[in-house]
1. Does region 97-114 hold any residues that are among the small types (Gly, Ala, Ser) and either closer than 23 Å to Pro163 by Cα or in contact with a helix residue (DSSP H, G or I) (Cβ under 9 Å, 6 or more places away or on another chain) (or both), and which are they?
2. Of everything in region 71-106, what is surrounded by fewer than 17 Cβ atoms within 10 Å (Cβ to Cβ), hydrophobic (A, V, I, L, M, F, W, C) and in a loop (DSSP other than H, G, I, E, B)? Give them in sequence order.
3. Is there a residue being assigned to a loop (DSSP other than H, G, I, E, B) and buried (at least 22 other Cβ atoms within 10 Å of the Cβ) anywhere in region 52-63?
4. Taking the condition of being over 26 Å from Gly155 (Cβ atoms), surrounded by 17 or more Cβ atoms within 10 Å (Cβ to Cβ) and not hydrophobic (A, V, I, L, M, F, W, C), how many residues in region 202-231 meet it?
5. Exactly one condition in (1) of a type in the set (D, E, K, R); (2) free of Cβ contacts under 8 Å to residues at least 24 places away in the same chain; (3) within 27 Å of Leu15 (Cα to Cα) is not met by Asp111; state its number.
6. Can you tell me which residue within region 67-82, out of those that are charged (D, E, K, R) and at pLDDT 95 or above, is farthest from Gly238 (Cα to Cα)?
7. If a residue has to be at pLDDT below 95, of a type outside the set (Lys, Arg) and more than 23 Å from Arg133 (Cβ to Cβ) to count, how many in region 32-66 make the cut?
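The values are calculated or read from the model by the stated rules, or taken from the named source; none is laboratory data. This is a predicted model, so every value here is computed, not measured. Heads up, the Cβs are rebuilt from the backbone with ideal geometry, glycines too, and the neighbour counts pull from every protein chain shown.
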Amino acid sequence: MASNASDEAETLLPLIGLSTYVDRARYGAWDEVAAILPYTYVRSVSRAGGCAVLLPPGPGGPEAGRSTAGRAEAVLAALDGLIVTGGPDVDPRLYGALPHSETDAPRVERDAWEIALCCGALERELPLLAICRGLQVLNVSLDGTLHQHLPDVLGSDAHRATPGQMTANRVTLTAGSAVASILGTEAEGSCHHHQAIDQLGRRVQAVGFAGDGTVEAIEVQGNDFAIGVQWHPEDNQGDDRLFVALVEAASRYRGNRAAGPVPAVPGPGLS
């Protein structure tokens, strides 16, 4: 007997989109521009019970057949959850600032793509986990701003002690927050960043802090599952709790989508 949409929703793995880099890469005999992402993200999603789908940025505009926002909307319609991943600095012009001498060269297409993904995911209540750069993109997409170089603010390189190596960081999480409900009120993560949130965006609530006051976790108020962490949970291969929580939220999202809208019940005196 053929299964219905609800049965299929229960048996298929939730599809979790992950934004990716576009960079020059060497593999085998090849040295060329590639869409890439550290495999730790894919393994974390797989262990949590999801199916990872890579989402590289691409050219928008008329030559691509649709705008960046239109492409994002079409992609998000097929997904059950979204992870906006780590990477280079967000273009400071997007939050009205001039580039600092230590700020990375802008990745215009990636910035536009991930901002469109964040805005679209929030609009359709798609479960969203934003990691490191992803947290910063999420904040900027809601009109927040960033500190471009934390050593100017903190007087130390504590959050990126050695370029290319993760640094351990302890975070205090706000009791009652969604992140604390997953991790508890204390967490330790691996970090590698020299930028961080300055002014919070619209509906963005800071719910996690390093000992030096740096914002380490955020939630978007009004959405069921829209959280960001400044550390790299995919680097901690012994702790998949954030990914498990995302996949569980994605499973619920898939089930609700398969069930469709609930028919309106006429009130007293209505027919």
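1. Ser101, Ala105, Ala112
2. Once the filter is applied, which keeps residues that are surrounded by fewer than 17 Cβ atoms within 10 Å (Cβ to Cβ), hydrophobic (A, V, I, L, M, F, W, C) and in a loop (DSSP other than H, G, I, E, B), region 71-106 yields Ala77, Ala78, Ala97, Leu98, Ala105.
3. Within region 52-63, one or more residues are assigned to a loop (DSSP other than H, G, I, E, B) and buried (at least 22 other Cβ atoms within 10 Å of the Cβ).
4. Of the residues in that region, 2 qualify.
5. The one condition Asp111 does not meet is (2).
6. The first filter runs over region 67-82 and keeps only residues charged (D, E, K, R), leaving 71, 73, 80.
Remaining after also requiring at pLDDT 95 or above: 73, 80.
Working: Glu73: 34, Asp80: 24 Å.
Only one residue tops the list, namely Glu73.
7. Qualifying residue count, region 32-66: 5.
Okay, residues lined up against (1) closer than 29 Å to Val45 by Cβ; (2) among the hydrophobic types (A, V, I, L, M, F, W, C); (3) touching a Phe, Trp or Tyr at 6+ places or on another chain (Cβ under 8 Å):
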residue	(1), (2), (3)
Tyr95	no, no, no
Glu102	no, no, no
Arg107	yes, no, no
Arg110	yes, no, yes
Cys119	yes, yes, no
Gly134	yes, no, no
Val137	yes, yes, no
Leu173	yes, yes, no
